[in-house]
Amino acid sequence: MNLIILSDLHLLGPEDPFYPAVLTLIREANRGDRLVFAGDVFELFVGAKKLFLERHAEFLSASRDAAARGVSIDYIEGNHDFLLEKVFGEISGFRVHDGGLEFEIDGKCFYVAHGDQVDRSDFRYLVLRRFFRSVIMRAFVRLAPDALIDWLGTRMSKKSRKNGAASRDRQTRRADRLRPIFREFATRQVARGADFVVLGHSHDADELAITAGDRHGFYMNTGDPRSNGSYVSWMTGSGELIRMKLISPSSPARG
Ligand SMILES: [Mn+2]
């Protein structure tokens, strides 16, 4: 069996060069495989709004088919894609999670999270995150016109990730700052009993063999799939996490 962990692709829509490759990945998953979407798979997908359901109809139907043939699918919400329980929750074999996810394969314990809650010093984001999942926000998303949600969300995500060299610089500084914080978090998970820890969000393709007391584990960050189409995989019998690449997007470069 294959475990596939994919995050931070920030897919815009079906016209996105990575979109077909993700659909292929889902369509080629076999019975018994496990697919984990670990947040920010989409640039914007908030609530069961018709606009998003239509925009990502192919993703939804591919996922529905995969789940029906016995692929186990988890969706860990990120900071660009949340309030998704009504979107995917009704598909049997497809689970939506708000936070970290732990599971076992072949006696190995995997801990996977998006990573947006790892930096506990970022109070502003943590408060915002709580608000975004609140009853008020749920009601707002349900009642607001689709176009307004799309406009607000796009505005916010543009603010958080602009194109150009200056932002690449900022991205590097952010990754450098977050690296030790993510490593420490991963170490705590290994100490708690995890054998493999996979996080995303920081867009930092970090990896680290961890020793915590008498426990040994391995941490891998999904990195910056937007620039190279990478994802993380683990196969029964291999015993190690590996980076894989999505199949040949036509023009992968974007912010
Ligand atoms: Mn994120």
Looking at this structure, is GLY32 buried (at least 19 other Cβ atoms within 10 Å of the Cβ) and either at positive phi or modelled with pLDDT under 95 (or both)?
-> no
For VAL36, all conditions in the list (1) of a type in the set (Val, Ile, Thr); (2) in a helix (DSSP H, G or I); (3) within 16 Å of the ligand (Cβ to nearest atom) hold save one; what is the number of the exception?
-> (2)
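Look through region 93-139, keep the residues that are among the acidic types (Asp, Glu) and within 13 Å of the ligand (Cβ to nearest atom), and return whichever of them is surrounded by the fewest Cβ atoms within 10 Å (Cβ to Cβ).
ASP122
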Take region 24-61 and flag every residue that is aromatic (Phe, Trp, Tyr) and within 14 Å of the chain's Cα centre (by Cα).
-> PHE37, PHE42, PHE45
Over region 188-242, the set of residues in contact with a helix residue (DSSP H, G or I) (Cβ under 7 Å, 6 or more places away or on another chain) and exposed (fewer than 14 other Cβ atoms within 10 Å of the Cβ) is GLY213
Does ASP16 meet the test of being of a type in the set (D, E, K, R), outside any helix (DSSP H, G or I), within 16 Å of SER233 (Cα to Cα) and away from the ligand (no atom under 16 Å from the Cβ)?
-> no
Has region 141-155 got at least one residue that is at pLDDT 95 or above, loosely packed, with under 14 Cβ neighbours inside 10 Å and among the hydroxyl-bearing types (Ser, Thr, Tyr)?
-> no
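This table checks each residue for (1) hydroxyl-bearing (Ser, Thr, Tyr); (2) in a helix (DSSP H, G or I); (3) in contact with a strand residue (DSSP E or B) (Cβ under 7 Å, 6 or more places away or on another chain).
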position: PRO180; (1), (2), (3): no, yes, no
position: GLU184; (1), (2), (3): no, yes, no
position: GLN189; (1), (2), (3): no, yes, yes
position: SER202; (1), (2), (3): yes, no, yes
position: ALA205; (1), (2), (3): no, no, yes
position: LEU208; (1), (2), (3): no, no, yes
position: THR211; (1), (2), (3): yes, no, no
position: TYR219; (1), (2), (3): yes, no, yes
position: TRP234; (1), (2), (3): no, no, yes
For region 39-52, which residues satisfy the criterion of being more than 16 Å from the ligand (Cβ to nearest atom) and either touching a strand residue (DSSP E or B) at 6+ places or on another chain (Cβ under 6 Å) or among the polar types (S, T, N, Q) (or both)?
-> PHE52
Is it the case that region 95-116 has a residue that's under 22 Å from GLY200 (Cα atoms), assigned to a helix (DSSP H, G or I) and of a type outside the set (A, V, I, L, M)?
-> no
Does PHE59 satisfy the condition of being of a type in the set (Phe, Trp, Tyr), surrounded by 18 or more Cβ atoms within 10 Å (Cβ to Cβ) and either away from the ligand (no atom under 16 Å from the Cβ) or within 22 Å of MET220 (Cα to Cα) (or both)?
-> yes
Going through region 191-200 one residue at a time, which ones are within 16 Å of the ligand (Cβ to nearest atom) and either part of a helix (DSSP H, G or I) or farther than 19 Å from GLU104 by Cα (or both)?
-> GLY200
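The values are calculated or read from the model by the stated rules, or taken from the named source; none is laboratory data. All values derive from a computational prediction rather than experimental measurement. Using ideal geometry, Cβ is built from the backbone for each residue, glycine included, and neighbour counts are taken over all protein chains shown.
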